[in-house]
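We did not get these values from a lab; they are worked out from the coordinates using the rules stated. All of these numbers come straight from a predicted model, not from anything done at the bench. Cβ: placed from backbone, ideal geometry, glycine included. Neighbour counts: every protein chain shown.
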Amino acid sequence: MNWKLADLLDRLQPCEETNFAPCIVIGEGSPETVQTVGIHDAEFIRLPTYPNSAALNAFSKEFCTIVKLAAAAAVSMRITSTKVTAAQPAAATATSNGKFKYNVIAIGASTGGTEATASILEKLPATMPGIVITQHMPQDFTKMYAERLNRISKLRISEAKDGDRVLPGTALVAPGGMQMSLKKDANGYYVRCAPGEKVNGHCPSVGVLFDSAAKCAGKDAIGVILTGMGQDGAHELLHMREAGAFTIGQDRDSCVVYGMPMVAYNIGAVMQQLPLDRIAETLIRRISEK
């Protein structure tokens with residue numbers, strides 16, 4: 001029997017508490033072929049075009065990460081189902097910029113970072129400075145990822161568009177396949193999103209975001225480097241620290257891959273190294289200090 005994707009999704013039974021059913025679709029094609037159907041949240045994972053060992057290993061890691069993220073989203077939706085509608089408007093009336101010690105939080109992550117970033121954002125209140133996030137993720141996946149984060153967080157979270165303002169109570173996720181940098185004008189901070197060459201082997205690159213934060217925000221920013229392979233963002237986090245920013249690195253034990261945070265720590269870029277479950281509370285405390 002031939003089933004259309006929409007028919008299959010409609011046959012899923014959502015959780016009674018939230019009317020929400022996370023779904024992962026594996027196949028060929030692209031995420032544009034998968035739409036959110038009714039109450040269902042569909043996440044697409046592309047099958048490897050060339051199934052060699054490296055491609056299969058990458059597919060396995062991506063699959064495991066998305067399954068964990070979907071499970072976490074389902075749990076969070078059950079916990080916050082009665083609070084979601086109240087939490088969204090709160091972001092619009094968040095504390096003004098002048099009330100925060102730091103007015104920008106820049107977060108960078110790679111392997112394992114989708115789950116790590118989600119665990120931080122779901123613990124933050126709506127009254128936070130503007131947050132900008134670069135996660136190593138391919139084009140078309142970042143929009144779905146941002147939508148997932150928005151559902152589990154009290155913040156208003158979206159995939160960034162060129163010129164978006166960095167406002168209190170909001171978070172912007174760098175779009176896959178584009179470089180996102182932080183800019184500042186007379187009205188405050190905003191982001192520039194544009195196609196570009198890979199930097200440190202990535203587009204979007206954590207290094208591009210952190211370097212721009214060092215240049216235009218300086219001591220008005222907090223930089224957070226999370227789990228990831230390689231060293232993207234490590235040296236640029238040092239630039240942030242040298243410009244007066246407060247910097248945080250995820251510790252070895254809580255990282256999926258202790259690569260980027262390790263390099264950052266070893267070169268002196270990290271002012272405070274923390275387990276993942278303490279980063280949110282540290283951010284809340286730091287923005288309120290005088």
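Fewest first, what order do D232, D140 take by the number of other Cβ atoms within 10 Å?
In increasing order of surrounding Cβ atoms, one gets D140, D232.
Kindly write out, for the range 172-187 in residue order, the coupling ³J(HN,Hα) from the Karplus curve 6.51 cos²θ - 1.76 cosθ + 1.60 (θ = phi - 60°), rounded to whole Hz, with x marking Gly and Pro.
Values, residue by residue: 10, 9, 4, x, x, x, 10, 8, 10, 10, 8, 10, 9, 9, 5, 9 Hz.
Which order do E197, E115, E281 fall in if you start with the one that has the fewest other Cβ atoms within 10 Å?
E197, E281, E115
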